[in-house]
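One structure is given here, and the rest of the page talks about it.
What follows draws every value from the coordinates through simple rules; no lab data is involved. Source: prediction; values computed, not measured. Note that each Cβ is placed from the backbone with ideal geometry, even for glycine, and that neighbours are counted across all protein chains shown.
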Amino acid sequence: MNDTVLNNATQLLLLLFMVITFLQSGLDKVFDWGGNLSWLKSHFEKSPLKGTVPFLLAVVLLVELAAGLLCAVGFFQIVGGGSSTLAFYGAILCCISLLMLLFGQRMAKDYAGAMTIAVYFVPAIFLVFLLQP
């Protein structure tokens, strides 16, 4: 392994974690839009967000895909000895996506679901810290 990979192992491993997490989640929304929309409509039926579920799902989908793609490109940039700027922006989008999901879970009064999101937020915010210029 080259020195770049070894010197950036933590960032690279966290980037791979984000790529897997956010690309899988985004692609799941793309390929099972109807299933996700149906579940979310019932999940938010008693919340103030109930009338905006399709729009909010589309926003989350776009942010997740952008986050995953930026982290993937950033991974390869770092491995190639280049800039970590795109990885940094990807990590920020990961955090923003998780904060959107956390807000939604709290609005739906799904406190256990909100707590689960915190598990993902810790490595995401740590990645932002590690990549900060």
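Kindly express, to the nearest 10 degrees and within the range 0 to 90, the angle between helix 85-107's C-alpha long axis and the longest C-alpha principal axis of the chain.
Approximately 20 degrees, to the nearest ten.
Order by neighbour count: LEU127, LEU23, fewest other Cβ atoms within 10 Å first, most last.
By the 10 Å Cβ count, ascending: LEU23, LEU127.
Sorted from fewest to most neighbouring beta carbons within 10 Å, what does the list LEU101, LEU15, LEU93 look like?
Neighbour counts put them in this order, fewest first: LEU101, LEU93, LEU15.
I'm spelling it out carefully: the read-out is percent of Cα pairs over 19 Å apart, the candidates are (i) 50; (ii) 60; (iii) 46, and one was derived from this structure. Which label?
Checked against the structure: label (i).
Per residue of segment 117-123, what does 6.51 cos²θ - 1.76 cosθ + 1.60 with θ = phi - 60° give for ³J(HN,Hα)? Whole Hz please, x for Gly and Pro, Karplus curve as stated.
4, 4, 4, 7, 5, 4, x
At most 16 other C-beta atoms within 10 Å and a DSSP loop state: those are the exposed trypsin sites (Lys or Arg not before Pro) I care about. Give me the longest piece of the chain that has none. Don't skip to the answer; put the middle values down first.
Values: sites that count: LYS46, LYS109.
Within the chain, the longest run free of exposed trypsin sites (Lys or Arg not before Pro) spans 47-108.
To the nearest 10 degrees, how steep is helix 33-43 against the longest Cα principal axis of the chain, on a 0 to 90 scale?
Computed tilt is about 60 degrees.
Using a 10 Å cut-off around each Cβ, can you sort MET115, MET18 from fewest to most neighbouring Cβ atoms?
MET115, MET18
With an 8 Å cut-off on Cα pairs and a minimum separation of 6 or more residues, tell me the relative contact order of the chain in percent.
Relative contact order comes out at 30 percent.
Determine the calculated [θ] at 222 nm for the chain from helices alone, applying -39500 (n - 2.57) to every DSSP H run no shorter than 4 residues and normalising by the residue count; nearest 500 deg cm²/dmol.
-28000 deg cm²/dmol
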